[in-house]
Amino acid sequence: MSRHDEKVFDALLRIPAGQFTTYKELAKAIGSSPRAVGQALKRNPRPVQVPCHRVVCSDFTLGGYWGLLNDDRKRALLLDEGIIIDGNRIINTEKMFYFYHLHYVHAYTHIKAP
């Protein structure tokens, strides 16, 4: 796993259940690009423990999940957390999580593999 992937996964662990962020916002927080964030999410070996489903497109459409577009698992996980979705777009945008202060504690490395 690359250092970049670790940064992405560490940031994901800071997004509380019931909130979401965008590829762009996460990329800005770690000094990366939205596309590179998406590629790291595609490599996430623990997609529920490290909640990549909480990252969506800047227009609040769902985007991909594990490299697949329109995956019902991402929708189901977000709905279970109280995110309201109409069609393919999040409606309750006030649930957006912003990374104002991000200090890396490497939380990802403390999660044990199943």
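The values are calculated or read from the model by the stated rules, or taken from the named source; none is laboratory data. Nothing here was measured: the structure is a model prediction, and the numbers come from that model. We place every Cβ from the backbone using ideal geometry, glycine too, and count neighbours over all the protein chains shown.
What about VAL37, is it of a type in the set (Val, Ile, Thr), modelled with pLDDT of 95 or more and either out of contact with any Phe, Trp or Tyr (no Cβ under 6 Å at 6 or more places or on another chain) or in a helix (DSSP H, G or I) (or both)?
yes
Among (1) of a type in the set (A, V, I, L, M, F, W, C); (2) surrounded by fewer than 16 Cβ atoms within 10 Å (Cβ to Cβ); (3) at pLDDT 95 or above, where does ILE83 come up short?
(2)
Going by the conditions given, is SER32 hydroxyl-bearing (Ser, Thr, Tyr) and touching an Asp or Glu at 6+ places or on another chain (Cβ under 9 Å)?
Spelling it out, it is not the case that SER32 is hydroxyl-bearing (Ser, Thr, Tyr) and touching an Asp or Glu at 6+ places or on another chain (Cβ under 9 Å).
Starting from the stretch 14-28, keep only residues that are among the hydroxyl-bearing types (Ser, Thr, Tyr), then list their pairs with residues that are in a helix (DSSP H, G or I) whose Cβ atoms are within a distance under 6 Å, requiring at least 6 positions of separation or different chains.
TYR23/PRO34; TYR23/VAL37; TYR23/GLY38
Which of the residues that make up the stretch 52-82 are over 12 Å from the mean Cα position of the chain (by Cα), closer than 24 Å to LYS7 by Cβ and in contact (Cβ under 8 Å) with a residue 40 or more places away in the chain?
Across the stretch 52-82, the qualifying residue is only GLU81.
For the stretch 40-73, which positions are surrounded by fewer than 18 Cβ atoms within 10 Å (Cβ to Cβ) and part of a helix (DSSP H, G or I)?
Across the stretch 40-73, the qualifying residues are LYS42, ASP72, ARG73.
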